[in-house]
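Below is one structure, written out as structure tokens; comments come after it.
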């Protein structure tokens, strides 16, 4: 493990927990571990992405099980979207891992900052649009193109997929809980393939992955309950504010 102080380790664990809540409650929370690892550890971009992405193997599996239990992944169209997203992730994620090797620390921070602003805008748009827009199902080619692009981007920065997939699917008309459910299946494939790619480059800090990943699992369970039982508008806007506030720092970091 990187030589870090106890307060930093505690903060990283808390960031992992918050990220897990965000993954299942609103979708984009999976970026928080990447932010924490990049901002607090001094790891190289490949190590940040590799260490972050390995945590999403377990969170994706747990979240998929949760949404299967709730019935959302048993719905045929949601299951179809999940399979299309997972299939394209097999192709897109290795491309992202390769692209990461050409990214400097400064460029990684800039890319991450752009991601945060984009996701904040998408979450805001989703929240404004979802109550009034009728649920529709995008055609499979659109879902496949979305899945390929998201998995490649996820491979670069070490996120599981829901960060971008959920707001984009909702923008296309997919119901929020269906989008959350389908994105968790995609997340397993992105994280699994990405882990293998970064493992081949020796770019995973396993102790840090455990430190962040175990609290993240606890957060996934809490987030799933929040998504089904409570209005999450306050959580959405808190996340939007956090992402926008962190973007300038990340753009200048590295």
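The values are calculated or read from the model by the stated rules, or taken from the named source; none is laboratory data. Quick caveat: nothing in here was measured; it's all calculated off a predicted structure. Glycine gets a Cβ as well: all are built from the backbone with ideal geometry, and neighbour counts include every protein chain shown.
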Output the residue which, of all residues in the range 126-139 that are out of contact with any helix residue (DSSP H, G or I) (no Cβ under 6 Å at 6 or more places or on another chain) and assigned to a helix (DSSP H, G or I), is modelled with the highest pLDDT.
-> 128
Sort out which residues of the range 1-60 are outside any helix (DSSP H, G or I), crowded, with 20+ Cβ neighbours inside 10 Å and over 14 Å from the mean Cα position of the chain (by Cα), and write them in order of number.
-> 41
Among residues of the range 96-107, those that are over 22 Å from residue 192 (Cβ atoms) and under 18 Å from the mean Cα position of the chain (by Cα), counted = 0
Quick one: in the range 61-72, which of the residues that are more than 17 Å from residue 212 (Cα to Cα) and assigned to a helix (DSSP H, G or I) is nearest to the chain's Cα centre (by Cα)?
-> 64
